[in-house]
Structure formats: structure tokens, C-alpha cells
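Here's the structure, in C-alpha cells; my notes come after.
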Amino acid sequence: MRPENYQAQSHPPSHEYELNFGPNHPGIEGNYALQVRLHGDTVVSAHADGGYLHRGFEKLMEGRLWIQNIALVPRICVPDPVPMEVCYSLAIEDISGLQVPERAKWLRVLQLELSRIAAHLFYFGGHAATTGMYSPSFWGVADRDLILDRFEELSGGRVYHIFNIPGGVRRDIPEGFLGRVSALLDYLEARLPEYDDLLFRNQVFVRRSKGVGVIDQQQALAWGVTGPNLRATGLGFDVRRDDPYLIYNQLDFEIPTEDSGCCWARTLVRRSELQQSIRICRQVIAALPDIGGPVRAPIPNPLAWNVPVGESYTRVESSKGELAYYVLSTGGEKPYRVHVRGPSAMHAVQVLEKMVTGGRLEDVAQIMFSLDACPPEVDR
Amino acid sequence: MNDFPLPVRAERSNPLARVFDELIDFCRARSMFMLHYCTGCGAIELPPAMTSRFDMERLGIQPMVTPRQADILLITGYVSIKTLKRVILTYEQMGSPKYVIGICSCTVNGGMYWQSYATAKKLNEYLPVDVYIAGCMPRPEAVIEGLRKLMGEIKAGRANSWERYFREYDRYLAAQQNLFGPNWQTPTDIIGEARDYQLYGPGTEGRHTELLQQHQVPLQPLRMTLHSDVEKSS
Ligand code: SF4
């Protein structure tokens, strides 16, 4: 209901009716709405209604110092904040020609992958909850908390770390950190079979999600789908491998794909990605002790730092898909323009609208969640 | 927040009634249904707070899906202007007594979006807020601590800031009209409710409610069509 025009309206008699999903509690995590027109149980048309989380990020960033924006960027995508910091830092480093020390690169990859695991665990729980299974969400949130504890140890913040800055990371890891992360990874890996029994092989979930919300590869490419949602249609495109940044070209990992493009496939892709992320983290943990040196390149006085004239378009792979920053500097102490190309803006608006059309009412929430869109990043 | 302090509820003279009041307050404090409107990033700390690690349910706090049955409205983070309309609408639908908790610095003073053109800065200009939980973002422990504080206030009979919305409706409406324009209206008849609850105060009506009444269109009942009518006409 829109408060501006809540007046009752009369329509010609019809079998169709409208239903609002959200903004109060839609399928996706957060404040986002979907208006669907239904005929019986079948969705006739859908209209995504965003903007509830709009804060005018790109405008705010033009009014703040380069370094102040580091605190702002993780807020764009709350469940998976690290890629935001890293991507923004990469763009500035690209413009100003800063050389990031080797150790900082490995530390960034460690954070990126831990953040990906955390985001995926959160996703499994949420997706299961939309099919009426609540135990996986309890498990997922509890296991994600263990990762947040490690982040807290590293940076002092559970959710927002603000640990990556242009030039590297803020400080080195604490004593014994790698051992604790490694124990955490062992635990998570041991949990995976239990997750399989609870969720991925659970017939309630399989039957609800298999063949629902299908998108084929051609359509996915045409609509700008990226990340796990694209890989669920059989195309193994991943920025980490195909346009490597940081040290991803030195790491050994696979890009899991599925062919069917349905909700079930999207979950499976993420489940396999979890394993790959654990694998990457293990490689980082094995390599880090041998990589010495500083963790931060010296930058000029950050409060009066004029990044040289230039522009950069940098992309990374976040847990939701391809994330990119376009940063334009005119040599001032503030960015002239920052544009965020988020994956969710495509997924949650055009793809979602088309995907739910023709589907059934009870699958709408599931389809919304299976795309793993992040509303704050849609609205920015 | 305490710019207009409310008195503690007057004690009733009948001792039995007093015991009854205390009992009711005790029960209220122990079974709070919260409607959380995930208005901003603070919402991400609620799943940990609600699930097994921090487990809010042991305090009798449970999520609730509809405003009509909820006691607490949890505002989790910055409120954009578009969201604020829905928040006010939701708040007015809730049954009294109702409590508002503002989580995150953004609800206190705008937080890190203090210069944003799209967010409302101070929540308590638009709604009476009982407890603020500051922090960016507050940890689950802080959220639970805030809720426990509210429980204590309810038990002591002090958490009646919802009455303020009725007694000083004109002031809240003024801020709302300031933000949303003079045509702002909601389907709830707050002045009528204030009379009904005997909470009509000198601040209930004023300049701004006059403006509201000038352009307010009375609610029309929805015309319901039976299935057979559709068959006939189509
Ligand atoms: S206070 Fe911080 S965490 Fe909370 S809504 Fe504002 S920016 Fe987000």
C-alpha cells in the first residue's frame, strides 16, 4: 500500500488481484518490495519497487575525502562488505599508481574469501527459510558468526571492517590468527556433510526448488546476470579467473557450474563455491608465513591527499556477482565521480520481474532469495 | 528524547487494581512481539541476535509478522524518506501500548548519512522513540541490552511514550508534513483514537491537524465483488 494514494479504487471486476511483497518483510534480506499481479496462484506480472534504501551514495562520496569514503563503501552491500572496500581501493591504486605490497594482496584475498563464505552461509539459511525450513537459517547464521568473530579479531568490527585502505591493509594480522582461521575452516568443512543432509539433499528443499525460476544462458547474458547466478546456467565466467586481480592468478581453484539455471542450481553453485573458497583460504594460510614485508604502501597525508587526475574502472567478483567501481579523479581531494556497478541492481529488478512472471505465488519469495540480491546495493 | 517527560502512570487507589496493573506490566515486559522493519544496515545484526548464539527468545522476544499483533517496532538503521512513510503507517496500525526502538546511530542523528538528501535524520521528530541503541552498527549484545532496558521500563510502568503520539499529535504531524508535503495523510484517525483512549491533550489538535482535515478525504469502504458477479459481467 502506498500511503500517498491509499484511497480505495474501483476496478472492473476481474479474477486478477494484486499482492505486495514487502517492503516490510519480503523474501530478500531487507527493505525491498515486489508488487505481483496474480490470477489464482499464477503470477501474471510483477513490478519491482525499490528505493527504500536509497541514500544517495554516489553523491555522498563526491562530498567526502578519498579516505573518508572507505568507511562509506562497505555500507553499500551489508552481507558482503569486503569486496566493496577492496574494489574501491583497487580503483584508487590504479589511478594513483600505488604499488600494493605482496603481503597485503594475500591478506586481502583471505578477507575476500572469508567474506564470501559468510555471505553464502547467510544465503543458504535465508533461502531455506523461504521454503519453510527454519533450521538451516539457524545453522547458517550461527556458523557465519564464527567467521565474524575472526573478522572482529582482525579489524575490530563484526560486520563492517574498514580494514582495506588504498595502498594495502591497515595492519598486520594478530599472533596466532592463521591457526584460528585454519581451525575454523576445518570446522566449516566438517559441517558441510551435515548441511548436505539438512538442506542440499533434503527432498523437501529439492522438490520445492528444482525447476523453479529457470533462466537460460542466452537470456542470462542478455539481462546482465553475473556471478553464481550466471554460473548456474552453465557458463563458467568468474572475474577471479578471467580477469584476475590481486593474486588470484597464483591460486589454484575451480569455477563450479551447473546447467539447469533453476533455484536449485543456484544453491548448488554456491555450495560448491563454499568449498572452493575454503580451498583458496587454505592456500593463503599456507603461503602467508613466507611472505614478509610491509602490509601497506606509504600514502601521502590522507587528510590532504590529492589523487592524481585519471579514471579507472575496476571489477572484482563479489559473492553476488560482478562488482565494479568507476572512479574519476580531477586531481582534487575528493572524488569527482564514483559509480558503483553492483550485481544486484540487475538481478533484483529486471531479472526478478521476468523470472517470477508465470511462476506460482508460493515460489515468489524463493525466487527472490535465490538470486541473492542485496537491496542496499540495488538502491545505493 | 526526554524533551517532554511523561509522568509515571498514576497509581490506582484500589489495592487490587494496583496489583493487577503490576501483574499486567510484568506480563507485558515478558512477552514482547517485535515487528522489525529492516530499514537499514543494522538489520544484519538481528538474525544473530534472534538465533542460537545470542537467542533473544529466552527473554520472551519474538518476531511478529503483522503490525496489528506486534508490541515493539524495531527501526534498524537509517530511514529514507520513502521508508519513513511506511514506518509511520506501520506504527499507526499497531495496537497500544506500543514501543519504538531505534537501533543504530542513523536513527539518532543521521549517523554517517547526515548530509544525505534522501534520509530522515532524527527519528524521534516523527515518532515517539522509547529506547535508542547507538552504534554503527550495534552488536547483538547491545541490541539485547537495549531490549532489556525497555523491559525494565515497561515493568516499572514508565514506558508510555506512545501516549505522547496522541497527546502531541500536532507536533509529530508538523514534522511529517514538513518532510512529505502538506498533502500527507494516513488512513488512521489519530485524533479520534486519542479521544477514545482518553489521551486527548492540548497538543493533539492544532495548526497542522487543521491542514490535514481540510484536504483529508474520508475513507470509502471497499466494494467487494463476489465470484458469481465476475462470472456474470465477464
Ligand atoms: S548507524 Fe551505521 S550500521 Fe547503522 S544504519 Fe547507520 S550506517 Fe548502517
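At-a-glance table
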{"read-out": "Any hit, the range A:144-155, residues being closer than 23 Å to A:Met368 by Cα and either at the interface with chain B (Cβ under 9 Å from one of its Cβ atoms) or modelled with pLDDT of 85 or more (or both)", "value": "yes"}
{"read-out": "Unmet criterion (only one of (1) over 25 Å from A:Pro308 (Cβ atoms); (2) at pLDDT 85 or above; (3) more than 13 Å from chain B (Cβ to nearest Cβ); (4) crowded, with 19+ Cβ neighbours inside 10 Å) for A:Val44", "value": "(4)"}
{"read-out": "Hey, A:Arg75 within 29 Å of A:Glu18 (Cβ to Cβ), within 11 Å of another protein chain (Cβ to nearest Cβ) and within 16 Å of the ligand (Cβ to nearest atom) or not", "value": "no"}
{"read-out": "Residue within the range B:90-101 that is away from the ligand (no atom under 16 Å from the Cβ), of a type in the set (Phe, Trp, Tyr) and within 14 Å of another protein chain (Cβ to nearest Cβ) present", "value": "yes"}
{"read-out": "Test: A:Gly132 is over 21 Å from A:Ile67 (Cβ atoms) and assigned to a helix (DSSP H, G or I)", "value": "no"}
{"read-out": "Sole exception among (1) surrounded by fewer than 22 Cβ atoms within 10 Å (Cβ to Cβ); (2) more than 16 Å from the ligand (Cβ to nearest atom); (3) hydrophobic (A, V, I, L, M, F, W, C); (4) closer than 21 Å to B:Met56 by Cβ for B:Ala175, by number", "value": "(4)"}
{"read-out": "Of the criteria (1) within 16 Å of the ligand (Cβ to nearest atom); (2) in contact with an Asp or Glu (Cβ under 9 Å, 6 or more places away or on another chain), which one B:Asp130 fails", "value": "(1)"}
{"read-out": "Scan of the range B:30-89 for residues that are more than 16 Å from the ligand (Cβ to nearest atom), polar (S, T, N, Q) and either closer than 23 Å to A:Pro136 by Cα or buried (at least 21 other Cβ atoms within 10 Å of the Cβ) (or both), ordered by number", "value": "B:Thr51, B:Ser52, B:Gln62"}
{"read-out": "Residue under evaluation A:Asn229, criteria (1) crowded, with 21+ Cβ neighbours inside 10 Å; (2) in contact with a Ser or Thr (Cβ under 9 Å, 6 or more places away or on another chain); (3) not in a helix (DSSP H, G or I), criterion not met", "value": "(3)"}
{"read-out": "A:Ile117 within 14 Å of chain B (Cβ to nearest Cβ) and not small (Gly, Ala, Ser)", "value": "no"}
{"read-out": "Selection status of A:Arg241, outside any loop (DSSP other than H, G, I, E, B), surrounded by fewer than 18 Cβ atoms within 10 Å (Cβ to Cβ) and modelled with pLDDT under 85", "value": "yes"}
{"read-out": "Tally, over the range A:246-266, of residues that are buried (at least 19 other Cβ atoms within 10 Å of the Cβ), at pLDDT 85 or above and closer than 20 Å to A:Leu323 by Cα", "value": "4"}
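Per-residue answers, yes or no, for (1) under 23 Å from A:Asn164 (Cα atoms); (2) touching a residue at least 24 places away in the same chain (Cβ under 8 Å):
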site	(1), (2)
A:Asn31	no, yes
A:Thr42	no, yes
A:Asp49	no, yes
A:Phe57	yes, yes
A:Gln68	yes, no
A:Leu72	yes, no
A:Pro81	yes, yes
A:Tyr88	yes, yes
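The values are calculated or read from the model by the stated rules, or taken from the named source; none is laboratory data. What you are looking at is a predicted structure, and each value in this text was computed from that prediction instead of being measured. We place every Cβ from the backbone using ideal geometry, glycine too, and count neighbours over all the protein chains shown.
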